[in-house]
Amino acid sequence: MLLSAADNQTLALKSLADSLRFSQSRISHALTALERQGLVTAAPRPAGVAHPKPH
């Protein structure tokens, strides 16, 4: 799934990690670096959206 094709151009961390085939931890670290550079913006999870269950 392309981020530009996602609703509101957002993806959950798990969805992004799964589509890129990287761990959530690795993606989280990369996103933190991108956020510091002002390239991405972290958004809180919308109300009523549950955390995904671990495998």
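The values are calculated or read from the model by the stated rules, or taken from the named source; none is laboratory data. What you see is a predicted model, and the numbers here were worked out from it, not measured in a lab. All accessible areas refer to the heavy atoms of the entire protein, side chains included, with ligands and DNA or RNA removed. Shrake-Rupley method; radii C 1.70, N 1.55, O 1.52, S 1.80 Å.
Some observations on this one:
- Multiplying the residue separation of residue 8 and residue 31 by 0.36 nm and removing their Cα-Cα distance gives an extension gain of 6.5 nm.
- Surface accessible to a 1.4 Å probe, residue 39 within the full protein complex, Å²: 120
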